[in-house]
1. If you take every residue apart from residue 32 with its C-beta less than 12 Å away from the C-beta of residue 32, what net charge results, scoring Lys and Arg +1 and Asp and Glu -1?
2. Net charge near residue 68: determine it from the other residues with C-beta under 14 Å of the C-beta of residue 68, scoring Lys and Arg +1 and Asp and Glu -1.
3. Provide the net charge surrounding residue 82, with neighbours chosen by a C-beta distance below 13 Å and charges set as Lys +1, Arg +1, Asp -1, Glu -1.
4. Can you work out ³J(HN,Hα) from phi for every residue in segment 70-87, in order, using Karplus 6.51 cos²θ - 1.76 cosθ + 1.60 and θ = phi - 60°, giving whole Hz and x for Gly and Pro?
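Derivation of every value follows stated rules applied to the coordinates shown; laboratory data play no part. Owing to the predicted nature of the structure, the values given are computational and were not obtained by experimental measurement. Don't worry about glycine lacking a Cβ; one is built from the backbone with ideal geometry, like all the others, and counts go over all protein chains shown.
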Amino acid sequence: MTRSRIPTCLAGALLAILATDAAAFKCMPLYGNWCGVGHPSHGFPPPVDAFDAACMRHDLCTGAPGSETACDIAFVTELHAIAAQVGYLPRPLQWAEYAIRVKSGGPWGGMPMPTPWDAFGAMSSVAAPCW
């Protein structure tokens, strides 16, 4: 393994360890009406913006039969496109985008490779209160 890949692998391993611990998700950020674990809790509320609409499409896609990986790839691609249009990605979605890339296998699952900077942003979102 090359030296340049070591920080990325360490960051991915750290997130994987945290992801297996339920405490890591105690403060999973929510965004809008659709973004977040178990969100929405009931019904089909309208999305509040383009990011929330992407979360809605992802939730509906992953709820259908089949592989979630294709849904995850489409979601991350859509988040990047919206962020490029508006100039930012909301902090709760930075965490979600990173976690989904790791969950879906990173580059081996067709996702962009997470960087150490992604991990630092994800860790700060996990460590900081969501409220």
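1. The answer is -3.
2. Working: positive: 57, 101, 103; negative: 59, 72.
Net charge around residue 68: +1.
3. Values: positive: 57; negative: 49, 52, 78, 97.
For residues surrounding residue 82, the net value is -3.
4. 4, 5, 5, 5, 4, 5, 4, 4, 5, 4, 5, 5, 5, 4, 5, 6, 9, x
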